[in-house]
1. Can you tell me which of (1) under 22 Å from L73 (Cβ atoms); (2) under 18 Å from the mean Cα position of the chain (by Cα); (3) not acidic (D, E) is the one L131 doesn't meet?
2. Among the residues of region 102-138, write down those that are of a type in the set (S, T, N, Q) and in contact with a Lys or Arg (Cβ under 9 Å, 6 or more places away or on another chain).
3. When region 38-53 is examined, which residues are found to be surrounded by 14 or more Cβ atoms within 10 Å (Cβ to Cβ) and part of a loop (DSSP other than H, G, I, E, B)?
4. Within region 94-123, which residues are modelled with pLDDT of 90 or more and either acidic (D, E) or assigned to a strand (DSSP E or B) (or both)?
5. Take the conditions free of Cβ contacts under 8 Å to residues at least 12 places away in the same chain and assigned by TED's automatic domain parsing to the domain that holds V198 and apply them to E168. Does it pass?
Amino acid sequence: MESQEPLTQEDALLEKAFRIAVCRAATRAGMEAKEAPLPRSAGHHELGQELGRGGMAVVVRAHDADLDRTVALKILGPTHATDPILAARFLREARICARLQHPGIVPIHEHGRLADGRPWFSMRHVQGETLADRMERDRKDSPHSMGTSSLLSIFESVCQTMAYAHNEGVAHGDLKPANVMLGPFGEVLVLDWGLAQVDMDPIFAEPQRIMGTPAWLAPELASGACPVPNASSDVFALGAMLCEILTGAPPWQGASRLATLA
């Protein structure tokens, strides 16, 4: 086989512009899509109020009628239900979290499908605030001192959780303060494993998509040089979180997602 010539600077810029354009189109499509109303129940769960919504799924509070307990139900969005890659990734998140048995990772209970075929899975209902919320509150209350000592203790817990996950061969792929939940009794939980990577699974071999959140994204992921997250990119994201704890801002900043990626 003939070796390929290295990309010129112009070709590299064109390739990066293409990646950003695809990312922008996908974001616009997700924002413009109308969400179908949720049913009143899913299996033996009675669905309640919405707790959060992301690009792929919605999380709602639910009552487990069989065990008489409150849980959180994560349901794939209707606009993604026909995408086999996204549906498979959604179920992989449940399997990965169920596999990772650690106090810093929310336990998964069960999974199923709605009448319209959308997959869901139930998990522990976590109350509290995110690390991002805590940092923002600290900035307002003490602009010259953000409670660095307590934040560093939280950061250490996140590092311990990720050390365990990496030892199990799992990379998170989207570490950031908004994905760390702080419970009322000292719990520190790493959330949202939707972009998690296990042993170079080909389901993530999507070079046209830029995964993760730009402000905490490793350069090799932002540029597309590495199409999938790994332990090294997680370590960079941890460093970016530490940068924000110590300085008040992540290392990459821009007026928009695209500006941050540029």
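The values are calculated or read from the model by the stated rules, or taken from the named source; none is laboratory data. All values reported here derive from a predicted model rather than from experimental measurement. So basically every Cβ, Gly included, is an ideal-geometry build from the backbone, and we count neighbours across all protein chains shown.
1. Result: L131 passes all but (1).
2. Once the filter is applied, which keeps residues that are of a type in the set (S, T, N, Q) and in contact with a Lys or Arg (Cβ under 9 Å, 6 or more places away or on another chain), region 102-138 yields only S122.
3. L38, G43, H44
4. I105, I108, H109, E110, H111, G112, R113, P119, W120, F121, S122, M123
5. Taking the combined requirement at face value, the residue does not satisfy it.
Let's see how each residue does on (1) surrounded by fewer than 15 Cβ atoms within 10 Å (Cβ to Cβ); (2) in contact (Cβ under 8 Å) with a residue 60 or more places away in the chain; (3) touching an Asp or Glu at 6+ places or on another chain (Cβ under 6 Å):
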{"position": "D68", "(1), (2), (3)": "yes, no, no"}
{"position": "L73", "(1), (2), (3)": "no, no, no"}
{"position": "L76", "(1), (2), (3)": "no, no, no"}
{"position": "T79", "(1), (2), (3)": "no, no, no"}
{"position": "G104", "(1), (2), (3)": "no, yes, no"}
{"position": "D116", "(1), (2), (3)": "yes, yes, no"}
{"position": "S142", "(1), (2), (3)": "yes, no, no"}
